[in-house]
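I have placed the structure first, in the form of structure tokens, so that the comments after it can refer back to it.
The values are calculated or read from the model by the stated rules, or taken from the named source; none is laboratory data. As the structure is a prediction and not an experimental result, all values here were calculated from the model. Backbone-built Cβ (ideal geometry, glycine too); neighbour counts: all protein chains shown.
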Number of protein chains: 2
Amino acid sequence: MTGNAKKLETVAVERKRGSGVKYVYDVLRDEILDLTLPPGSPIDEIQLSERLKMSRTPIREALVRLASEGLVSTLPNRSTIVSNIDFLNLHTFFDALTLMYRVTTRLAAENHVAADLIAIKAHQAAFSKAVAAQDALAMIATNRDLHAAIAEAGRNPYYTSLFCRLLDEGRRLLRIYYQSYDDRLPHEYVEEHNQMIAAIEARDIDLCDRLGQQHADQIVAQIQKMISRDRRHPIAL
Amino acid sequence: MTGNAKKLETVAVERKRGSGVKYVYDVLRDEILDLTLPPGSPIDEIQLSERLKMSRTPIREALVRLASEGLVSTLPNRSTIVSNIDFLNLHTFFDALTLMYRVTTRLAAENHVAADLIAIKAHQAAFSKAVAAQDALAMIATNRDLHAAIAEAGRNPYYTSLFCRLLDEGRRLLRIYYQSYDDRLPHEYVEEHNQMIAAIEARDIDLCDRLGQQHADQIVAQIQKMISRDRRHPIAL
DNA sequence: TGTATTTTACTTGTCGACAAAATTTCCGCG
DNA sequence: CGCGGAAATTTTGTCGACAAGTAAAATACA
């Protein structure tokens, strides 16, 4: 339709019974966060069922799940669409994101065990590699995974789930601007991450709090800079 | 089965098309939070479809939604069960609840408009009435609605959704103990609520923060008192 | 030609049915 | 009498079909 139908022939044969819904959910979720399915685009159940070689039932169940997580919006008796990004209320997003950065990093300092640090450092290595390769998209993904791992180490599932939701929304947001301008994530992030990891390892809760706040401020400032540089009028669609 | 099948003949005829999933979702959600469906009890799709006079499709979609909100757990190829309450990790619940009490009350002080206060005061009136009537179950419900309204006035949907999830979980928790011992919610809550509302109206952010913390501490202390008074060994099932 | 209305086509919501998994029951064997 | 395995029953996951509702197209009318 709108020219961005590149690799939409995802086919899978002989999938195991029971994995259907999860499969559809994962595919759709990825495509939504990638902006392969741009915000506002309608999702046709029949098209999807043909593309994924699957009945409409598991697709509908995946859509229900995506809807309950806010990634799609279901208009009754009408098509469900990919949720729009509400630029007018971005400050609420920044506010929650900042708080979660602080809280999860604090808790990681308190509650992490040895295995957590190993996982965190692995993610940080992947992030460094993405930065070295100047691969903006990989940076976004690995940064997300790193902070998700820190949140996991904090051992509070309520915070973790909210934080992951926010990180995903952020992934979508960053994609918008990495498509328009091919910017680079500031190099300092690698160093900031290293400081955070060291603080977690040292179980320095207050320092983790400060670093979390600082890291969040950085990211928020960067996104805001991108938005203000964008000449389009930011309106919720 | 376990003797608590009291009013399970909820029937509805001639429902409007499109409302099916929401209807099933609301019924199940209520019964789960009421403990009419106790934690761990299996949910049989066929039984449900017979009870609600409905095909299995909308019921499954409702279950998917409940699962994504953590109210039920789906075991692959096996029955889905009502989520258990994880007594071993209650501290994570208390931690998140306390933070959300503080944050939402703060934000309400910042962002509320006139209409919000009207709604909040209406809920507080309902809560007072429930206290006067010594109706513990109504107290739980109206208390929840009051704080949800305060969160709404804070205008941050991310906090609101997490907070509502926590309040619901709390509703289930309180139900357990209000069934065993017919306790009473402390009378002071009415006065605390009034102080919070006054602080919100005065836009005193710091005071709101303190009152939110204090209120949360009260509630957490009460729940912990109930748990410690309970002689059963609290184990996650 | 533009607008209102009917007709058509398409999409969603719901249903009953079938097949794969898993649990339970039943039987044989030690 | 107890245990292991096979048959049977139950329950889930998936499918194709139909009905209700909506948007688009076609037609009628001013």
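Mind checking whether some residue in the range A:81-88 is touching a residue at least 60 places away in the same chain (Cβ under 8 Å), within 16 Å of DNA strand D (Cβ to nearest atom), out of contact with any helix residue (DSSP H, G or I) (no Cβ under 8 Å at 6 or more places or on another chain) and more than 25 Å from A:L207 (Cα to Cα)?
No: the range A:81-88 contains no residue that is touching a residue at least 60 places away in the same chain (Cβ under 8 Å), within 16 Å of DNA strand D (Cβ to nearest atom), out of contact with any helix residue (DSSP H, G or I) (no Cβ under 8 Å at 6 or more places or on another chain) and more than 25 Å from A:L207 (Cα to Cα).
Can you tell which of A:L146, A:L137, A:L117 is buried (at least 21 other Cβ atoms within 10 Å of the Cβ) and either over 18 Å from the mean Cα position of the chain (by Cα) or outside the structural domain of A:G70 (by TED's automatic domain parsing) (or both)?
A:L146
Just checking, how many residues over the range A:159-168 are more than 9 Å from every other protein chain (Cβ to nearest Cβ) and crowded, with 20+ Cβ neighbours inside 10 Å?
Qualifying residue count for the region: 3.
Could you tell me how many of the residues in the range B:48-105 are within 16 Å of DNA strand C (Cβ to nearest atom), under 26 Å from B:L146 (Cα atoms) and either away from chain A (no Cβ under 11 Å) or hydroxyl-bearing (S, T, Y) (or both)?
Qualifying residue count, the range B:48-105: 0.
Going by what's in this entry, would B:V103 be described as surrounded by 19 or more Cβ atoms within 10 Å (Cβ to Cβ), aliphatic (A, V, I, L, M) and touching a Ser or Thr at 6+ places or on another chain (Cβ under 8 Å)?
The answer is no for B:V103.
Condition check ((1) modelled with pLDDT of 90 or more; (2) more than 14 Å from DNA strand C (Cβ to nearest atom)) across all residues:
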| residue | (1), (2) |
| --- | --- |
| A:M1 | no, no |
| A:L8 | no, yes |
| A:V11 | no, yes |
| A:Y25 | yes, yes |
| A:R29 | yes, yes |
| A:L37 | yes, no |
| A:D44 | yes, no |
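Do any residues in the range B:185-206 that are in contact (Cβ under 8 Å) with a residue 40 or more places away in the chain have Cβ atoms under 9 Å from those of residues that are part of a loop (DSSP other than H, G, I, E, B), where the two are at least six apart or on different chains, and which pairs are they?
B:I200/B:H112; B:E201/B:H112; B:R203/B:H112
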